[in-house]
Amino acid sequence: MSTKDVFGAACLVTAPVLLAVATGVDPALGLTEGYGIYRQHPDGVLAHSILLHWAWVLFVPGLLALLAPVRRRGAVLARIAWIAVILGLTTFSALMANDFVLLALEQTLPDAQVAAVDERFQSLAVTIAGWQWPGLIGWGLALVLTPIAAARGRVISWWIAGAALLGTALYFAFAISPVPLCLLGPLVMTGAYGTAAARLLRPATPAPGSIAAEPALRSPAGSMAEPALRSPAGSMAEPDLRSPGGLAAEPDTFGAFRRRFGLFSLYAAPLTFAAGMATVPDHTGDMADSLASPVQTQISALLLHLGWLLFIPAVLLLASARPGRRTRAGTFTRVAAAITVLALINFSGLMVGDSADLAAHQVLDEATATRVNDALGGYAAFTFGWALPGMVFSLLGLIAVAAGAAASRTVRWPAAALVAAGIVAFLFLGLGPIGVTGPLLLLAGCALMAHDLNRPAALPVPAPAVPA
């Protein structure tokens, strides 16, 4: 049982539990009122929003863990679901920030101005097309396709997949209904995904009549023999893909896809990050520049979001690469990668705040918009439950994962040094053209890591022949 299996299973159990709690404490359940509800129940809104955000955050590594054992069977669905989780569900979790913004607006402004700012935000075309649409579509696809792909790949049974889909359907139908109706979906999902998590942690065993758990691949004479796929009765038995023999019998096409996407992300993440930094309009921090270029502001925020998001598959690739030595360094890399993935999901979502800030400044005067920002920054749940850990552990985590990979000889130390230099440059060089320096240093380090990961493994040196 590996670290990633335990982490993924824990997320798969915790996510629907948090979803149930978040749904149950929503102060707007069963209400049809417009603005003003958040103002009346600020503590309930804060609890609901941060718990809901973390529920979707934890679903990301949980669903990825459920897809990981898929090999060739179900690989097509698994690819779609995997991309939907990485790009869609992660983006959807960021949309929970809008609840915090609405609360800050309602606690600062009358309902008419709250409505004006919210309507302006909903009219930002790049933000809606780049955040809301992919987030909602990816969220739905991830929750629907993941259990189907896992069942198709024989990771879980169709009964478990059906229960997960039933829970999802109940949540879609009754998410804002009064208690206890709204809890039906999350509770069914908790049971289904809890059972799936137990399946992930169960030691691999062959199905009755299938190939043995540890097939003998060599004959007594030492020649390579093909493992038997026939039962003693002579009937062809379908191999259990969760058993070592079954895994050996089926090509890992889905694993190859994840590796290719990870290698692609090692280049795409820093390049997209660099594009986002290059297009920031307010190089001096003056909001007037953003107001003068609203489309550019939204594009920059979206590129920065995608840049940080694309680091997730790159980190997953580094964590899954077989280390050249030092088991402890490999364990450190996997633990650091788990923390970094969660942090990157949080950090990438903060970029939607640029669009929210833009909408507020387009409608309100500078002093009033500043008061709204101050109110948002005063929410401890948002600052310490989302923003601060997302930023700190993303930046430190990328350095830690690169250093761990270098210590385990998965990549070379110059690559890790360039990653660290890129993070430091990003922190201290500021915005404007000079701000692209950090992403470019990251690109150099990530390109070296991609090259190292593509190096052929060293072949063992044959022992010298012993004279007869």
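Could you give every pair whose Cβ atoms fall below 8 Å, whose first residue belongs to the stretch 408-420 and is among the charged types (D, E, K, R), and whose second residue is at pLDDT 95 or above, counting only separations of at least 6 or pairs across chains?
Once the first residue is among the charged types (D, E, K, R) and sits in the stretch 408-420, its partners that are at pLDDT 95 or above give 412/448.
Hey, could you check the stretch 133-187 for residues that are assigned to a loop (DSSP other than H, G, I, E, B) and hydroxyl-bearing (Ser, Thr, Tyr) and say which is modelled with the lowest pLDDT?
Pass one, the stretch 133-187, residues assigned to a loop (DSSP other than H, G, I, E, B): 153-157, 175-180.
Going one step further and asking which of them are hydroxyl-bearing (Ser, Thr, Tyr), we end up with 157, 177.
Values: 157: 94, 177: 88.
The extreme case among them is 177.
In the stretch 378-394, what count of residues is obtained for those that are under 25 Å from the mean Cα position of the chain (by Cα) and surrounded by fewer than 20 Cβ atoms within 10 Å (Cβ to Cβ)?
Count: 9.
Name the single residue that is modelled with the lowest pLDDT among those in the stretch 277-300 being small (Gly, Ala, Ser) and out of contact with any Pro (no Cβ under 8 Å at 6 or more places or on another chain).
Once the filter is applied, the top-ranked residue is 285.
Of all residues in the stretch 121-132, count the ones that are closer than 18 Å to residue 300 by Cβ and not in a helix (DSSP H, G or I).
The qualifying residues number 1.
Run down 126, 57, 114, 45 and say which single residue is under 21 Å from residue 358 (Cβ atoms), surrounded by 22 or more Cβ atoms within 10 Å (Cβ to Cβ), touching a helix residue (DSSP H, G or I) at 6+ places or on another chain (Cβ under 6 Å) and not polar (S, T, N, Q). Write out each step before concluding.
Details: 126 fails: surrounded by 22 or more Cβ atoms within 10 Å (Cβ to Cβ); 57 fails: under 21 Å from residue 358 (Cβ atoms); 45 fails: under 21 Å from residue 358 (Cβ atoms).
Only one candidate passes the filter, namely 114.
Just one of the numbered conditions (1) under 17 Å from residue 327 (Cα atoms); (2) surrounded by 16 or more Cβ atoms within 10 Å (Cβ to Cβ); (3) more than 24 Å from the chain's Cα centre (by Cα); (4) not β-branched (Val, Ile, Thr) is not true of residue 403; which one?
(3)
It is to be established whether one or more residues within the stretch 73-92 are in contact with an Asp or Glu (Cβ under 7 Å, 6 or more places away or on another chain), outside the structural domain of residue 373 (by TED's automatic domain parsing) and not aliphatic (A, V, I, L, M).
yes
The values are calculated or read from the model by the stated rules, or taken from the named source; none is laboratory data. All figures in this text were calculated on a predicted structure; none of them were measured in a lab. Virtual Cβ from ideal backbone geometry, glycine too; neighbours counted across all protein chains shown.
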